[in-house]
1. I want to check the label-to-label distance for residue 55 and residue 114. Put each point 7 Å from Cα in the C-beta direction and report it in nm to one decimal.
2. Ranked by Cβ crowding within 10 angstrom, fewest neighbours first, how are 279, 144, 39 ordered?
3. Give the cross-link partners of residue 170 among the lysines, using a straight C-alpha distance below 25 Å as the criterion and excluding same-chain residues fewer than 8 apart.
4. Under unit Cβ charges (Lys, Arg +1; Asp, Glu -1), what dipole magnitude, rounded to 20 debye, does the chain have relative to its Cα centre?
5. Only Cα pairs within less than 10 Å get springs; with that Gaussian network setup on the chain, which residue of 28, 262, 110 has the largest fluctuation?
6. Counting helices only, and only those DSSP H runs with n ≥ 4, report the 222 nm mean residue ellipticity of the chain as the sum of -39,500 (n - 2.57) divided by its residues, in deg cm²/dmol to the nearest 500.
7. Cross-link candidates for residue 96: which lysines have Cα within less than 28 Å, leaving aside residues fewer than 8 places away along the same chain?
8. Any chance you could tell me what percent of the C-alpha pair distances in region 147-279 go past 23 Å?
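Just so you know, all these numbers are worked out from the coordinates, no wet-lab data involved. All values reported here derive from a predicted model rather than from experimental measurement. When we count neighbours, we look across all protein chains shown, and the Cβ atoms used for this are built from the backbone with ideal geometry, even at glycine.
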Amino acid sequence: MSLRRALVAVVVAVALATPGGAETLRLKFKPGEKVTFRDQMAMALERTSDTDMNMRLQMRSDSKVRQTVKHLADGLATLEIETLENSTETIPEGGKPGKSEEKGDGERIKISERGLISERVSLGKDTKSEEGIDTLAVLQRVIDGMTMPEEDVEPGGEWSDTYEVALTDKGLKGPKTSVDLSGKFERLVMLKGRECAELVVDFTAPLDIEKTVEIGEAKVTCKGSVMGHLTMYLDVERGESLAETATYGGHLELNMEVAKHKVRLAETLKMNTKTHKLD
């Protein structure tokens, strides 16, 4: 599942299934199992500042990604995710469009049967991250923290959750935020001949640091928020996500002071992602 596998309109007729009772919503994994997904993403980013850091661009990508279950232990599945094919187009305002087929580094994640990703590690040689507040990085942490309900849920049933995520790479010992999540089991539907639970999740989280904190060499305060709206089609019997679509957004106003030099920066992000399992 990646940004959660980036989520995708499957152009397919979705017929209503026969209403049922309460369902246990869980993911299921088998050691050695390999699954391939198609991920699509469209993003618009605007950044303004009182320096020369102004930027506005659009980005689109279309990828084929393979997920391999390496092993199961202590209620967690370890998955390795690699990009098999990729096409990315970047369109900066006032600049020349660029295209790339760079696949990027793979990842190893640990995920629970309820969907909580407790660990995400790059398989690249250089895995060191820069300190700072990155809207996309915060969104990834929010998505990784989402879980399906612990109790069984009937079609039409709802659940909610609140959890904390870090605002920087310092983890929860550094600046953090609280995520408010609400979910609904909309209905049972037939997708590709398989009965699936249509799950809809919404979340919001503030990106507020009112008291100055030191991040790297900078003194920082900020204000903003991130939000998301996700729809997943889960094959309940097999414990497998067949398709996901999502819309994410974020706005951040950042005040930094580095070596007595002050910088104000504002960033707005909008992103749509789509994913579906390939046969």
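1. Once both label points are built, they end up 3.7 nm from each other.
2. Numbers: 279 5, 144 20, 39 23.
Fewest-to-most ranking of 279, 144, 39: 279, 144, 39.
3. 110, 125, 128, 211, 219, 223, 260, 262
4. Rounded to the nearest 20 debye, it is 580 debye.
5. Comparing 28, 262, 110 in the GNM, the peak value goes to 262.
6. When only DSSP H runs of four or more count, the value is -1500 deg cm²/dmol.
7. Hits, sequence-local ones excluded: 64, 270, 274.
8. Details: 4219 of 8778 pairs.
Taking all Cα-Cα pairs of region 147-279, the fraction more than 23 Å apart is 48 percent.
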